[in-house]
Amino acid sequence: MNLTLTRTSSEPDGTFGALAIPLGQSGGTTTLCTVEDDWLDNRPGVSCIPAGTYRLHRTVFHKHNYETFEVCDVPGRSRILIHPANTENDVEGCIGVGLRFGRLLVPRDEDTGQLNVEKKAVVASQDAFRRFMAAMTDVDNATLTVKWAPGLPPAKGGVA
């Protein structure tokens with residue numbers, strides 16, 4: 001199974017995109033909205049990962065004790081998970097999923113330190129994560145292709 005994450009915008013509130021997940025033999029796909037950190041040259045814990053094709057492996061998110069998938073073989077990085085998240089404040093280099101885009105109030109903006117800031121977000125994240133895991137029910141290993149939409153190469157010299 002090959003999932004595709006297409007990043008559709010990179011803005012001060014984070015990197016946003018669409019995760020296309022094949023739906024088995026039906027030939028269809030389901031698409032979830034995504035939130036990631038800004039592109040900061042693949043720095044662990046604060047940057048989205050470079051464009052490329054990676055192995056996905058079923059694992060346990062020990063911090064919250066539930067199954068998810070880890071994006072493996074990212075140069076210089078480890079424990080990049082797909083999990084519920086709303087804003088870039090929630091991902092620490094991982095990929096958060098939601099059902100749609102919206103705006104949410106965050107207590108403290110991680111980039112500016114400002115309090116009570118409204119940020120672009122993905123919403124209905126828990127529902128989206130349940131859909132993601134349901135689509136991956138019989139899957140232990142897959143691939144994830146990450147790409148930037150045309151005209152959106154990352155800043156600071158990342159791979160487009």
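With all projection directions averaged, the alpha carbon convex hull of region 1-75 covers 5.9 nm². Out of every Cα-Cα pair that region 2-148 contains, those further apart than 20 angstrom amount to 43 percent. Contact order, relative form, for region 2-148: 27 percent (alpha carbon pairs under 8 Å, 6 or more residues apart, mean separation divided by residue count). Each residue of region 94-105 is assigned a 3J(HN,Hα), and the resulting list reads 8, 10, x, 10, x, 8, 7, 8, x, 9, 9, 8 Hz, derived from the Karplus form 6.51 cos²θ - 1.76 cosθ + 1.60 (θ = phi - 60°), x at Gly and Pro.
For the Cα atoms of the chain, what angle does the longest principal axis make with the long axis of helix 125-135, in degrees from 0 to 90, nearest 10? Rounded to the nearest ten degrees, it is 20.
Values in this text are rule-based calculations from the coordinates and carry no lab data. Remember, predicted model here, so these are calculated numbers, not experimental data.
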